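Written below as structure tokens is the structure these notes are about.
Values quoted throughout were computed directly from the atomic coordinates according to the rules given, and no laboratory measurement underlies them. Just so we're clear, the structure is a prediction, and the values are computed from it rather than from any experiment. Positions of Cβ are backbone-derived with ideal geometry, glycine not excepted, and every protein chain shown enters the neighbour counts.
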Amino acid sequence: MEQLEIFLHSPDFLAGLCGLAAFAVVVLIWTAFLDNNPVDSDRLKAVTQHRNEFERKKVKKNSRRANIQRASLMKQVVEWFKLSQGKSLADLRLKLRRAGYQARDTMFVFLFAKLALTCGLGAFAAFMIFLVKAVQLPTGLGLLAVMGAAILGWLLPDIFVKNLSQKREEVLRKSIPDALDLMVICAEAGLGLDASFDRVAREMATSAPELAEELGLTSVELNFLPNRQQALRGFADRVPLPSVTALINTLIQTEKYGTPLAQALRVLSGEMREDRMMLAEEKAARLPAILTVPMIVFILPPLFVVLIGPAALKVMAAMN
């Protein structure tokens, strides 16, 4: 007992006890600053997420406002130069819709791009030829070069839109048979034409977004336009493919004469599958003629080297 009392009153024990108390105080202070309440943590995350979403909406709203202002400025410039007047605006509108541009302001952006590229390329050519004199040309040829650059600037947007339309038509052509099969399934399940278009558009939104957009737009037009044939004809105008034209004619005849929709779509689907197989067989039949020139240029010379090379080396060694 005396030794225990001596140990308890010793300086080492007192120092260790003070250190332990100090460590306990530090731990308590640290845990007091920590947030161990899950409710407050979830609330903080929700507030942070709401703030980030509000900032994203604000940025999107500002960008949309800026886009509207730019479109309004382009529209004013186009109207000032009287470019939006004429009978060809309907054809231009249809051309842009075939390229995938459905907004109304796209036409003014397209005309503004033609005007800007015409003036820009013409001014750049004049600057390089007459001021910098990068190319030594007579005055007449220089003016012709400037006019050629301006004409090129006027034609570039048309070339871009035409190329984009061709690529989009190719994508649509590959995805139409699958969409038609889905329409057959929807028709056999008892869905109407409007519901079939809407359902197929939602199903193909990830695999074929271009065709899903056209089908969704057609579904909306079928519900709102007074003439259903006009909505179907609009789909055929936006997608100028023989398969789409055949589909629209079949749908119009089905609604006009009351024939079963599922049966008509199934027959049309079989015909499209046969056409697709015939197209693949046609491409396969053209392969031998296409591969003839690469074989002559790239395969026959190495073959001759391999076959004739050793004999040629032996003859040269024997002659030496």
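FRET efficiency for the residue 127 to residue 241 pair, using the beta carbon distance and R₀ = 35 Å, is estimated at 0.20. Legend: distances between Cα atoms for 167/283; 95/174; 114/167; 174/256; pairs beyond 25 Å are 174/256.
Could you tally the net charge around residue 221, taking each other residue with its Cβ under 11 Å from the Cβ of residue 221, Lys/Arg +1 and Asp/Glu -1?
Working: positive: 228, 233, 238; negative: 194, 214.
With Lys, Arg at +1 and Asp, Glu at -1, the net is +1.
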